2 protein chains.
Amino acid sequence: MTVSRAFKRDSSVSRETRDAVLRASEDLGYVFDSTAASLRSQRTDFVAVTIPSLNNANFADTVRALSEGLSARGLQILLGYTNYDIHEEERLIEQLLRRRPEAIVVTGGKHTDRARQLLRNAGIPVIETWDWPDEPLGHVVGFSNAQSVREMVDHFVTAGYRRIAFIGGDDDRDTRGVERRAGFIAAMKAHGLDASRLIAAGAPPISMREGADAMGRLLDSAPDTEAVICVSDLPAFGALSECQRRSIRVPDQMAIGGFGDYEIGAVCVPSLTTINAFAYDIGRKAAELILAIRDGKPNVDAPARIVIHPELILRQSSR
Amino acid sequence: MTVSRAFKRDSSVSRETRDAVLRASEDLGYVFDSTAASLRSQRTDFVAVTIPSLNNANFADTVRALSEGLSARGLQILLGYTNYDIHEEERLIEQLLRRRPEAIVVTGGKHTDRARQLLRNAGIPVIETWDWPDEPLGHVVGFSNAQSVREMVDHFVTAGYRRIAFIGGDDDRDTRGVERRAGFIAAMKAHGLDASRLIAAGAPPISMREGADAMGRLLDSAPDTEAVICVSDLPAFGALSECQRRSIRVPDQMAIGGFGDYEIGAVCVPSLTTINAFAYDIGRKAAELILAIRDGKPNVDAPARIVIHPELILRQSSR
DNA sequence: ACACGAAATGTTATCGATAACATAAACAGC
DNA sequence: GCTGTTTATGTTATCGATAACATTTCGTGT
């Protein structure tokens, strides 16, 4: 017991005893066993996190913020990777819950029925992010992807663009991408414009290369297009590069809008008009929420609805 | 026991019994407790992985490959994030080892003495990656960063460039960056060239923005520079963008080389000469090694030395 | 019907830290 | 010195799945 107390800096163990214990541990090569501690104390200090893809600077920012916020309080992130597939997500959630995390942060608000069931029964805080679900499972730190893109369309129309295309994924696996496309279509129709210039660029996540290819096809099939909105900055940059290869001037002959405010959009020439979804803030606020619930703050009984307000950033790739 | 066996698909439990158990579990909302299983069986199915930064497509590729390779066999990755600091790495390794992972994959070959001690005493396979350590702790899946950059310098010199600069970090935290700079200096000296054009771009990881700033300072202070080699493709792209802003033609007036073969280098205009370090392969081979050791393959008694051969990729940003 | 081996199910003790409780040591005050 | 209180250390049972071993059930051959 004294060893146990010494390791968790319990005040009731004297300074000398603690130092002696730690010194002896070092000599013996003893390493504390969190597995046993977790089993007995029923506290694992794990927080489970699912993201669609590791190779995405936006999600990586969210995870970084979570990691920074939680590790300061001794919480470890258990990261899983759904590959933009809600069935894969279901399997993953089941695996993760077996580790008895103290909270779970999921990306998106669309899940299989069984995944919803598992999350609801888990008895731990559930936080949905990067989305604004109709029927949240618990807490939410997110925003409406459709609404964000609608604002960009509104801006483009106000700036005088009429023949606007959308470059996105070619299946419905990326639910945030689907939402963004839906927002594009709704906004175009609201303006009485043709919303049929939809270019399928590939399976999510859409890469720069796929964005470039899609732009090539768009230019071939509908050369009178005046502007294009992309599901993220990565295909947007690819589209920009294709314009450069074809000596099409941006924004004079073609305006381009992205999503996510990736670093590349700020640095490239011309820089990219985009939407900043505050990926880091999403993770930071989710971490703060988890810690607040853990500390039993009285005002966290009701599920939190933390709204992120994505910001339209106007840069050189559009008028 | 029957429940336990049913859950791990033990052949000695009959099909009907197993189905009945699983059905009942679903009804009751039972979730298997991996913590207890880990404690008793002394198998956690965790593999610990430390990387400097999550927000780096190269390391993300390595982790993705590890994740894909290991999850197929039921192994979960426990990811930690050192922020390019070996003291942070030490703390992280200590935390991770408490979870009793079955193997640990670390990025880099430089560690604190205590970290080395902890890793050696852990009694699990240790794999160092992305480096070629003088005194490996165990297994290695990596390459010499210095040697890779030396080859790029050799190519640049052969192509006729003489006044070549290097853009890298301004401290020694990123040990791979330090190695690359050392390779640059050694190669320049071997050619009898001036190796003093070293531009410090900031703290690692060096961003595109910092690469652009560094290029600006280089152009101001040493306008006769003919070529620049960057510690990664991200500052290399930033440098390229700065040249575009200043209407400096690449590669005619300035050649640029990067490192890492990030997607952006292949897509941007002009595309970037770079070095492909096969990030995904590093993770894949590390995963294969872990599985082979786990299966007790007879030929894995000696520590593995798996050499990755980074490939110089010549593109439009250099002659 | 019986024996016998294989298949299926059951019992008990255990992994290692810790909650809950018990006790000992140290330090007051009078 | 004695009592009361604080501070420090010790004991025991426990978390839940499973290794090792034990027992029962089942199928087959005779």
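The values are calculated or read from the model by the stated rules, or taken from the named source; none is laboratory data. Nothing here was measured: the structure is a model prediction, and the numbers come from that model. Reconstructed Cβ throughout: ideal geometry from the backbone, glycine too, with neighbour counts over all protein chains shown. With ligands, DNA and RNA removed, areas are computed over all heavy atoms of the protein, side chains included. Shrake-Rupley method; radii C 1.70, N 1.55, O 1.52, S 1.80 Å.
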Query raised in the report: When you scan segment A:232-248, how many residues do you find that are open to solvent by 10 Å² or more (accessible area, probe 1.4 Å) and either under 23 Å from A:Arg150 (Cα atoms) or part of a loop (DSSP other than H, G, I, E, B) (or both)?
Result: 5
Query raised in the report: Among the residues of segment B:249-271, is any modelled with pLDDT of 95 or more, part of a strand (DSSP E or B) and not aliphatic (A, V, I, L, M)?
Result: yes
Requested in this report: Report the residue count in segment B:1-10 for those that are within 12 Å of DNA strand C (Cβ to nearest atom) and either among the β-branched types (Val, Ile, Thr) or part of a helix (DSSP H, G or I) (or both).
Outcome: 5
Query raised in the report: Considering segment B:80-102 alone, what residues qualify as being open to solvent by less than 30 Å² (accessible area, probe 1.4 Å) and either over 16 Å from the mean Cα position of the chain (by Cα) or more than 10 Å from every other protein chain (Cβ to nearest Cβ) (or both)?
Result: B:Thr82, B:Tyr84, B:Glu89, B:Leu92, B:Ile93, B:Leu96, B:Leu97, B:Arg99, B:Pro101
Query raised in the report: Within segment A:88-95, is there a residue that is assigned to a helix (DSSP H, G or I), among the polar types (S, T, N, Q) and over 15 Å from B:Leu54 (Cα atoms)?
Result: yes
Query raised in the report: Are there any pairs with C-beta distances below 7 angstrom linking a residue in segment A:23-39 that is farther than 18 Å from A:Leu97 by Cα to a residue that is within 11 Å of DNA strand C (Cβ to nearest atom), with the two at least 6 apart or on different chains, and if so which?
Result: A:Val31/B:Arg98; A:Phe32/A:Phe7; A:Phe32/B:Arg98; A:Asp33/B:Arg98; A:Asp33/B:Arg100
Report summary line: Residue set B:Ala65, B:Ala37, B:Ala6, B:Ala20; condition open to solvent by less than 70 Å² (accessible area, probe 1.4 Å), at pLDDT 95 or above and under 26 Å from A:Leu119 (Cβ atoms); output residue B:Ala37
Query raised in the report: Considering segment B:30-79 alone, what residues qualify as being more than 8 Å from chain A (Cβ to nearest Cβ) and assigned to a strand (DSSP E or B)?
Result: B:Phe46, B:Val47, B:Ala48, B:Val49, B:Thr50, B:Ile51
**Report entry** Those residues of segment B:11-29 which are assigned to a loop (DSSP other than H, G, I, E, B) and within 7 Å of DNA strand C (Cβ to nearest atom), in sequence order
**Finding:** B:Ser11, B:Ser12, B:Val13, B:Ser14
**Report entry** Residue, farthest from the other protein chains (Cβ to nearest Cβ), within segment A:110-128, restricted to residues that are closer than 19 Å to A:Ala287 by Cβ and either touching a residue at least 40 places away in the same chain (Cβ under 8 Å) or of a type in the set (Lys, Arg) (or both)
**Finding:** A:Ile127
Requested in this report: Could you please let me know if A:Ser11 is within 16 Å of DNA strand D (Cβ to nearest atom), over 16 Å from the mean Cα position of the chain (by Cα) and open to solvent by 50 Å² or more (accessible area, probe 1.4 Å)?
Outcome: yes
Requested in this report: Tell me which of these A:Asp213 doesn't satisfy, since it passes every other one: (1) open to solvent by 70 Å² or more (accessible area, probe 1.4 Å); (2) more than 28 Å from A:His111 (Cβ to Cβ); (3) more than 14 Å from chain B (Cβ to nearest Cβ).
Outcome: (3)
Requested in this report: Look at A:Arg43 and say whether it is among the basic types (Lys, Arg) and closer than 21 Å to A:Ala122 by Cβ.
Outcome: yes
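Here is a yes/no grid of residues against (1) without any contact (Cβ under 8 Å) to a residue 60 or more places away in the chain; (2) aliphatic (A, V, I, L, M); (3) over 20 Å from B:Glu68 (Cβ atoms):
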{"position": "B:Val231", "(1), (2), (3)": "no, yes, yes"}
{"position": "B:Arg245", "(1), (2), (3)": "yes, no, yes"}
{"position": "B:Ala255", "(1), (2), (3)": "no, yes, yes"}
{"position": "B:Gly258", "(1), (2), (3)": "yes, no, yes"}
{"position": "B:Ser271", "(1), (2), (3)": "yes, no, yes"}
{"position": "B:Ile282", "(1), (2), (3)": "no, yes, no"}
{"position": "B:Pro310", "(1), (2), (3)": "no, no, yes"}
{"position": "B:Ile313", "(1), (2), (3)": "yes, yes, yes"}
{"position": "B:Ser317", "(1), (2), (3)": "no, no, yes"}
Query raised in the report: Quick one: B:Leu70 ticks every box in (1) modelled with pLDDT of 95 or more; (2) within 20 Å of A:Leu75 (Cβ to Cβ) bar one, so which box is it?
Result: (2)
